[in-house]
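The values are calculated or read from the model by the stated rules, or taken from the named source; none is laboratory data. Since the model is a prediction, treat every value here as computed from it, not as a measurement. Note that we place each Cβ from the backbone using ideal geometry, even for glycine, and neighbour counts take in every protein chain shown. Each accessible area value is taken on the protein alone, full model and side chains, heavy atoms only, with ligands, DNA and RNA left out. Shrake-Rupley method; radii C 1.70, N 1.55, O 1.52, S 1.80 Å.
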Amino acid sequence: MRTPSPAVARLWAVLALVLGFAAPLASQSGTRYTTTTLRLRAQASTDAAPLLTMPRGATVTVARCADRWCQVEYRGRSGYAARRYLTQTRPSARSTPSATRNRPSARSNSECGSGGYVNSRGRWVPSPCSSPSGPPAGASARCRDGTYSFSQSRRGTCSRHGGVSRWL
């Protein structure tokens, strides 16, 4: 058997290297499902502007993934989603994320609904609400638009309500 020339050997080495890097990227692309309600962001950062919110179990097409972020497409919009909230298997309709399992069914204040979200720490937090009779139980801040927030951290509190008017 003939020994390949040094140029051919280098070509094979480069080809093997390229295929070695391409294979993991190819295996990361394809269809994935969100494991929780998840924001599609303009950049691969939690500080980046959210483009839209994807529901739990949403089907996304992954173009590629890096360490903690994947570039995805959802309903014709391209952006970035946190990799840890994407899975290859569709979440079952019956299973409930642990963060929402202990969520209250309704708040004691009748002016506020029972809606909410899972915060960055994985805890369920009631959505901001209006209350003409004063701060509802558990409110942490009054927003500039007059609503009350139940945020458990200062970062992002009242961000879609004009900012914090005063902390409670």
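For the reader, a short list of remarks on this structure follows.
- Computed from backbone phi with θ = phi - 60° and the Karplus coefficients 6.51, -1.76 and 1.60, the 3J(HN,Hα) list for the range 47-54 is 7, 6, 4, x, 8, 6, 10, 9 Hz; x is used for glycine and proline.
- Spin-label model, residue 84/residue 9: points 7 Å from Cα along the beta carbon direction are separated by 4.6 nm.
- Amide hydrogen proximity for residue 72: with H placed 1.01 Å from N in the peptide plane, the residues at 5 or more positions away or on another chain lying under 5 Å are 63, 79, 80, 81.
- Computed from backbone phi, the HN-Hα couplings of the range 152-168 come to 9, 8, 6, 5, x, 4, 6, 4, 9, 10, x, x, 8, 7, 7, 8, 9 Hz, rounded to whole numbers (Karplus: 6.51 cos²θ - 1.76 cosθ + 1.60, θ = phi - 60°; Gly and Pro given as x).
- Amide H within-cut-off set for residue 151, under 5 Å, with H built and near neighbours excluded: 140, 141
- For the pair residue 59 and residue 29, label points projected 7 Å from Cα toward Cβ lie 1.9 nm apart.
- Residues with amide H under 5 Å from that of residue 165, placed H, sequence gap 5 or more: 142, 143, 144
- Which of 168, 11, 52, 38 is most accessible, then next, and so on - probe 1.4 Å: 11, 168, 52, 38
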